[in-house]
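Data block below; observations after.
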Amino acid sequence: MITDGLPAYHDAYKKEFWNLRKDTRTEHVRHITIQGDRNNNKMERFNGEVRDREKVMRGLKKEDTPILKGYQMFHNFIRPHEGLDGKTPAEACGIKIGGQNKWITLIQNASKQN
């Protein structure tokens, strides 16, 4: 489990993941820097985007809201990323979404699946 140095994360790790058997113990990495060998920049950025959207909506009203899945789709298939030279994560992985409106194409493709 990778976190930054916030002490509350270590407390939660010890409560939820710690066990006495060293061979099955989850490792807690508290070594996060902006430009280090390990970072959580992508996750922090995504969390920031979701928080920005949630503020406008005045909170998520129910736990299973489709807003989060929709935002995940937007983030991965529609929104270009500067760190990927203007590509979406899907495009960077070789997944091409055709059509003039990517939302409509995604919905049409999803409706064809069982």
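The values are calculated or read from the model by the stated rules, or taken from the named source; none is laboratory data. Treat the numbers as computed from the prediction; the structure is a model and nothing was measured. Backbone-built Cβ (ideal geometry, glycine too); neighbour counts: all protein chains shown.
Output the residue which, of all residues in the stretch 80-114 that are more than 18 Å from residue 43 (Cα to Cα) and surrounded by 14 or more Cβ atoms within 10 Å (Cβ to Cβ), is farthest from the chain's Cα centre (by Cα).
The extreme case among them is 105.
Among (1) at pLDDT 90 or above; (2) assigned to a helix (DSSP H, G or I), there is one condition residue 94 misses while meeting the rest; what is its number?
(2)
Given the criterion surrounded by 12 or more Cβ atoms within 10 Å (Cβ to Cβ), out of contact with any Pro (no Cβ under 8 Å at 6 or more places or on another chain) and modelled with pLDDT under 80, identify the matching residue among 19, 40. Spell out how you get there, then give the answer.
Values: 19 fails: surrounded by 12 or more Cβ atoms within 10 Å (Cβ to Cβ).
One residue alone meets the criteria, 40.
In a helix (DSSP H, G or I), within 14 Å of the chain's Cα centre (by Cα), surrounded by 10 or more Cβ atoms within 10 Å (Cβ to Cβ) and at pLDDT 90 or above, is that true of residue 77?
Values: in a helix (DSSP H, G or I): yes; within 14 Å of the chain's Cα centre (by Cα): yes; surrounded by 10 or more Cβ atoms within 10 Å (Cβ to Cβ): yes; at pLDDT 90 or above: yes.
Criteria met by residue 77.
Of 60, 68, 106, which residue is modelled with pLDDT under 85, assigned to a helix (DSSP H, G or I) and of a type in the set (A, V, I, L, M, F, W, C)? Don't jump to the end; show me each part of the working.
Values: 60 fails: assigned to a helix (DSSP H, G or I); 106 fails: modelled with pLDDT under 85.
None of the others qualify; the one that does is 68.
Give me the pairs: first residue in the stretch 72-85 and on the phi > 0 side of the Ramachandran plot, second residue surrounded by 12 or more Cβ atoms within 10 Å (Cβ to Cβ) and at pLDDT below 90, beta-carbon distance under 7 Å, and six or more apart or on different chains, which are they?
If the second residue must be surrounded by 12 or more Cβ atoms within 10 Å (Cβ to Cβ) and at pLDDT below 90, no pairs are left.
Show the residue pairs that are 6+ apart or on different chains and have beta-carbon atoms under 7 Å apart, the first residue being within the stretch 55-68 and touching a residue at least 60 places away in the same chain (Cβ under 8 Å), the second being part of a loop (DSSP other than H, G, I, E, B).
none
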